[in-house]
Every structure is written in C-alpha cells, then in structure tokens.
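Input: a single structure, listed below in structure tokens.
Quick note: the coordinates plus some simple rules give every number you see, no bench work behind them. Quick caveat: nothing in here was measured; it's all calculated off a predicted structure. Using ideal geometry, Cβ is built from the backbone for each residue, glycine included, and neighbour counts are taken over all protein chains shown.
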Amino acid sequence: MSELYYALSLKQPWATLLVHGRKTIEVRRWPTARRGRILIHAARLSDPRPEAWALLPDNLREAAQLIGGIIGGGDLTDCIAYRSRQAFQADQEHHLNNASWFRGPVLYGFVFTNLSALPFRRYPGWMRFFPVKLDEPRAKRRGSDRAAAPEKRGRGRPARLSSGGTGQLPFGDY
C-alpha cells in the first residue's frame, strides 16, 4: 500500500538550513494553501552564491553536500504575504534573505515548524510541491536487487521510498 506525501525542493545550503531549523520560513514568489507535514528535498543544483554558504555553520557543511533527494521534513503551518521590503526585512532572522532580495509586488513566506533531518533518500525533485509515494517493500526476487535498492530503478520511473521491511514509514509518524 502506498501513502502519498508532498515535498518541496530547495537548493543547498537553504534546504539544510531549513531542515536544521536555522531558518523557519522559505520564501517563494507564489502562495500556497497547503498545510501539514512536508518533506524537504535538496535539489540537484546548489546555490552558487557565496553569501548563501556563509550562513551555514561548520557543523552543517557535510549535510549541505547532500543533493538530489529527501533530507528532512517539517510542518507547513502558514503562508505570509510580504507586500513591502520593510515587512520582508522584519522576518529576516526567520528566512535569512537580505532585504535587497525583495522584489515586489509580493513575496510569500512558507512558515515551518517541527523541522527535522531525516536519513537521505535519493529522489527526483520538481518545481513547486510534488508528490512522493512511500511504498511498502515488495518481496525480493531471487537474483534481483531491485527490492533492496528501489532508488536504482529504470530511467523515467520515480524512485519509491519504502519502510525497508520494518513496516514503519522511514520518516517517522506523519
């Protein structure tokens, strides 16, 4: 049986900063009505700007090297509309973006709580929110390693995250 979750992809180091609670608001140019548990995906491409990496403490540098997969989760609890540079700047300690990054007429802040890092699982990302299926493992066929390594399936087919035979979701209760 599959359970469907949603994920949001962020470039590194922003994904790591969010998952580890160093930032609690993710800024986007589009609003969302979505609420609840969201998986955090580290995009395949990282942010090349040195000012982004300067925000990363030394103890999170290794985690920020993980790309192209699910690295954590959090509860999306609100979506704040920033209609002015002043409002955007007032929340800077929560989203970590410089005030000069604000480009009106409006930006949106996705507010996260209960953030946690999760074991890395390679998974293809997508723009905006995208579905992630958590499957129970299939019985392993003799001579086949597909059940043991579901993320290595054929091209064009999304990887499935499984419980690894434990019967529990790999990311805790949500």
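Tabulated data
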{"quantity": "Computed E for R29/K133 - FRET, C-beta separation, R0 25 angstrom, nearest 0.05", "calculated": "0.35"}
{"quantity": "Viscosity 1.002 mPa s, 20 °C: Kirkwood-radius Stokes-Einstein D of segment 2-134 over Cα pairs, µm²/s", "calculated": "144"}
{"quantity": "Cα-based Rg and Dmax for segment 61-127, where Dmax is the largest Cα-Cα distance (Å)", "calculated": "14.6, 38"}
